[in-house]
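K.L.:
Before we start, here is the structure in question, set down as structure tokens.
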Amino acid sequence: MGGVSKEEIEAVRKIDLLTYMRSCEPNSIIKCGNNVYKLAEHNSLKISNGKWYWFSHSFGGVSALDFLVKVRNMDFVNAVKTLIDSRASPIIVSEPIKSLNERPKEKFILPEKFWDNFRVISYLLNRGIDREIIDFCIKERILYECREHHSCVFVGRDKENKAKFACLRGIYGRYMKDVAGSDKSYSFSIPVKKDSSNSLFVFESPIDALSKATIDKNETGVLWNSCHRLALGGTSDKALFRYLRDFPEISSVTLCLDNDKAGIETTRRIKEKLEDTKPLICGKYIINVKLPKTGKDYNDMLKTIINTKKEYKQNLKVKTLSERG
């Protein structure tokens, strides 16, 4: 069905709403009773005993899939993809939610490195990413090629530079997943050159963050590493609000999420939460929204810019040759 299989649909139907919220949007729920939670954005939507009900609208459901379709107004296929393809990285369980706390946390171990990064570098160059930016990320130990499958490994580190998170991005086909035991609140970010920078740009994926950095370097003249760049690893805002706590000097947040239904809805939700958040230092966050001008995401936009330049140079060459002839 539209790019999702029956197996994927069956898998995501097992994800109850509280599991999804705890894993991907922990700041979106508020405990209001014994095993009862309410949604921060909709006070009359209650979650209890593996079910949810929106009292002001007189309907409810069981799964997170029902919630994304009926409440967040996602189309069915996008809702399935949000749950299954690591954009939200939910924990899929079929047993009651109470077992979530009983499950021992997996130990986080970075995938084994390959002896070079040749394939990863070639893959990212082919997607238009600037070589200087790739080399910088490798030097900072937030990007490398893993031994198994030769996938890209994007690493999230804390302020002490300790690895807390990693996600894999296959260079052969569509393969994405978070490494077991990863702490979603420490997603991939590109270190800022100046510690005093007060600007943060927020993306869904690491490749989009690298793409916008490339655009800034080549098109706008902006120093690409003079601002904070954070990839959420999907549509959860968990990493964003942790990052803002770690860097209280940040006063400006620019949301650069995907230009699709899920990305636009997430942008709206995060923007509203930021407007209600009291920063530690600045009086109020300056919030900007910069969706990609072309394509679904910033890598699409980067590739469009590159292809447009190639077409221009080719046309210029043909014109020059015809004038000489």
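Since every read-out is calculated from the coordinates, none of them should be taken as a lab result. Just so it is clear, the structure is predicted and the values come from calculations on it, not from any experiment. Methodologically, a virtual Cβ is constructed for each residue, glycine included, from the backbone with ideal geometry; neighbour enumeration extends over all protein chains shown.
K.L.:
What is the mean projected area of the alpha carbon convex hull for the chain, to one decimal in square nanometres?
P.N.:
20.3
K.L.:
For region 118-301, just the Cα set please: Rg and Dmax, both in angstrom.
P.N.:
Rg, Dmax (Cα atoms, Å): 15.5, 48.
K.L.:
Calculate, for Lys309 and Ser58, the FRET efficiency according to 1/(1 + (r/R0)^6) with r their C-beta to C-beta distance and R0 51 Å; round to the nearest 0.05.
P.N.:
About 0.40, to the nearest 0.05.
K.L.:
Restricting to the chain, compute how many DSSP beta bridges are antiparallel as a %, nearest 5.
P.N.:
The antiparallel fraction comes to roughly 70 percent.
K.L.:
Separate question: Between region 13-44 and region 117-162, how far is it from one alpha carbon centroid to the other, in angstrom?
P.N.:
35
K.L.:
Working out 0.36 nm times the residue gap between Val77 and Ser5, then minus their Cα-Cα distance, what length gain in nm do you get to one decimal?
P.N.:
Computed gain between Val77 and Ser5 is 24.9 nm.
K.L.:
With angles folded into 0 to 90 degrees, how steeply does helix 298-324 sit against the dominant principal axis of the chain? Use alpha carbons for both and round to 10.
P.N.:
20
K.L.:
Is it possible to state the helix-based mean residue ellipticity at 222 nm for the chain, with each DSSP H run of 4+ residues giving -39500 (n - 2.57), the sum divided by total residues, to the nearest 500 deg cm²/dmol? What is it? Working shown, then result.
P.N.:
Details: 10 runs with 110 residues, N = 325.
-10000 deg cm²/dmol, from helical runs alone.
K.L.:
Let me ask something else. What nm distance separates the two modelled labels at Asn161 and Ser252, each placed 7 Å from Cα along Cα→Cβ?
P.N.:
2.8
K.L.:
Here's another thing I want to ask about it. In which sequence would Cys146, Cys256 go, from the one with the fewest C-beta neighbours within 10 Å to the one with the most?
P.N.:
Cys146, Cys256
K.L.:
Using a ≥ b ≥ c from the Cα gyration tensor of region 180-266 (square roots of the eigenvalues), is it rounded, prolate or oblate, where a/c under 1.5 gives rounded and otherwise the larger of a/b and b/c decides, a/b for prolate?
P.N.:
Since a/c reaches 1.5 but b/c is at least a/b, the shape of region 180-266 is classed as oblate.
K.L.:
Cα atoms only, region 162-212: Rg and Dmax in Å?
P.N.:
Both quantities, over Cα of region 162-212: 12.8, 40 Å.
K.L.:
A follow-up question, please. Dimensions of region 6-95 along principal axes (Cα, Å, largest first)?
P.N.:
So the extents along the principal axes, rounded to whole Å, are 35, 23, 21.
K.L.:
Further question: Residue farthest toward the positive end of the dipole of region 207-259, with Cβ of Lys/Arg at +1 and Asp/Glu at -1: which of Gly234, Thr214, Leu255?
P.N.:
It is Gly234.
K.L.:
What aspartates and glutamates could a cross-link reach from Lys284, if we take a straight Cα to Cα line under 16 Å and drop same-chain neighbours fewer than 8 places away?
P.N.:
Glu249, Glu272, Glu275, Asp276
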